[in-house]
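Student: My questions all concern the structure below.
The values are calculated or read from the model by the stated rules, or taken from the named source; none is laboratory data. The structure presented is a predicted model; accordingly, all values stated were derived computationally and were not measured. Virtual Cβ from ideal backbone geometry, glycine too; neighbours counted across all protein chains shown.
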Amino acid sequence: MLGLKLPTDPRWVNIVEKNIEDILIDHAYCEQKAASTAISLIVGFPEYTELVQEMIELVNEEMSHFKMVHDLILEKGWTLGRDRKDDYVIALIKFFPKGGSRTTQLVHRLLYAALIEARSCERFRLLSEELEDKKLAKFYRKLMISEAGHYTMFLNFARKYGDRKEVDDKWEALLDYEAEIMTNLGNKETIHG
């Protein structure tokens, strides 16, 4: 369903199990950044009314996810800690050239967002199936379903606002590029890396 070309190595869960605090902190910031992305789409493309309406809903949902993760951090006696750079996202955004029409820029941002949500969904599925902590596994199962909906929403908007064939070709090329990125990542205590 997600179309990812390179699945996460299941051994990544072993890294997670040994670094739950780091994963939860990274995850909290991922949720916050997802809300920020939705806000930036509202600010940058206000004329796309349907997109704006969906992004308003997404901001609320992502911030509620941020609160849930933050509550888990506090429950374990930890603090949020400082944000760290996301090597995955930094590498991903190098795929499309800067510039182009507003519509092209919008489509590229929607495709990035779709892929980030797809990879998050895939990682959350793995966590929901493999974590020994059953409460945390159940938590990630719930979020996995949500991420799948976000992935399809962003991809559908890209297809709606761009030329369908061109968007699908870009999506396939982006999936190939992302698989290359994942060959060098996937071994850190982060959601994407």
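Student: Residues being within 23 Å of A118 (Cβ to Cβ) and surrounded by 18 or more Cβ atoms within 10 Å (Cβ to Cβ): count how many of those fall in region 64-88.
Tutor: Residues that pass the stated criteria total 5.
Student: Answer yes or no: is there a residue in region 170-190 that is more than 25 Å from I23 (Cα to Cα), touching a Ser or Thr at 6+ places or on another chain (Cβ under 9 Å) and small (G, A, S).
Tutor: no
Student: Given L2, L51, L80, which one is out of contact with any strand residue (DSSP E or B) (no Cβ under 6 Å at 6 or more places or on another chain), more than 19 Å from S128 (Cβ to Cβ) and outside any helix (DSSP H, G or I)?
Tutor: Residue meeting the stated conditions: L80.
Student: So, one more: Would you tally the residues in region 12-26 being touching a residue at least 60 places away in the same chain (Cβ under 8 Å) and either of a type in the set (V, I, T) or in a loop (DSSP other than H, G, I, E, B) (or both)?
Tutor: The qualifying residues number 6.
Student: When you scan region 15-42, how many residues do you find that are of a type in the set (D, E, K, R) and over 15 Å from H70 (Cβ atoms)?
Tutor: 2
Student: Conditions first: (1) touching a helix residue (DSSP H, G or I) at 6+ places or on another chain (Cβ under 9 Å); (2) hydrophobic (A, V, I, L, M, F, W, C); (3) surrounded by fewer than 20 Cβ atoms within 10 Å (Cβ to Cβ); (4) farther than 22 Å from F66 by Cβ. L155 passes all but one, so which condition is the exception?
Tutor: If we test L155 against (1) touching a helix residue (DSSP H, G or I) at 6+ places or on another chain (Cβ under 9 Å); (2) hydrophobic (A, V, I, L, M, F, W, C); (3) surrounded by fewer than 20 Cβ atoms within 10 Å (Cβ to Cβ); (4) farther than 22 Å from F66 by Cβ, just (3) comes out false.
Student: What single numbered condition from (1) more than 16 Å from E147 (Cβ to Cβ); (2) at pLDDT 95 or above; (3) exposed (fewer than 14 other Cβ atoms within 10 Å of the Cβ); (4) not aliphatic (A, V, I, L, M) fails to hold for H108?
Tutor: That leaves (3) as the condition not met.
Student: Anything in region 113-137 that is in contact (Cβ under 8 Å) with a residue 60 or more places away in the chain and among the small types (G, A, S)? List them, or say none.
Tutor: A113, A118, S120
Student: Are any residues in region 167-193 β-branched (V, I, T), part of a helix (DSSP H, G or I) and buried (at least 16 other Cβ atoms within 10 Å of the Cβ), and if so, which ones?
Tutor: V167, I181
Student: Is there any pair linking a residue in region 99-112 that is at negative phi to one that is among the hydroxyl-bearing types (S, T, Y) and crowded, with 16+ Cβ neighbours inside 10 Å, with Cβ under 7 Å and at least six apart or on different chains, and which?
Tutor: Pairs found: T103/Y161; L106/Y161; V107/Y161.
Student: Quick check on R84: is it of a type outside the set (V, I, T), under 13 Å from C30 (Cβ atoms) and under 12 Å from the mean Cα position of the chain (by Cα)?
Tutor: Considered against the rule, which asks whether it is of a type outside the set (V, I, T), under 13 Å from C30 (Cβ atoms) and under 12 Å from the mean Cα position of the chain (by Cα), R84 comes out as no.
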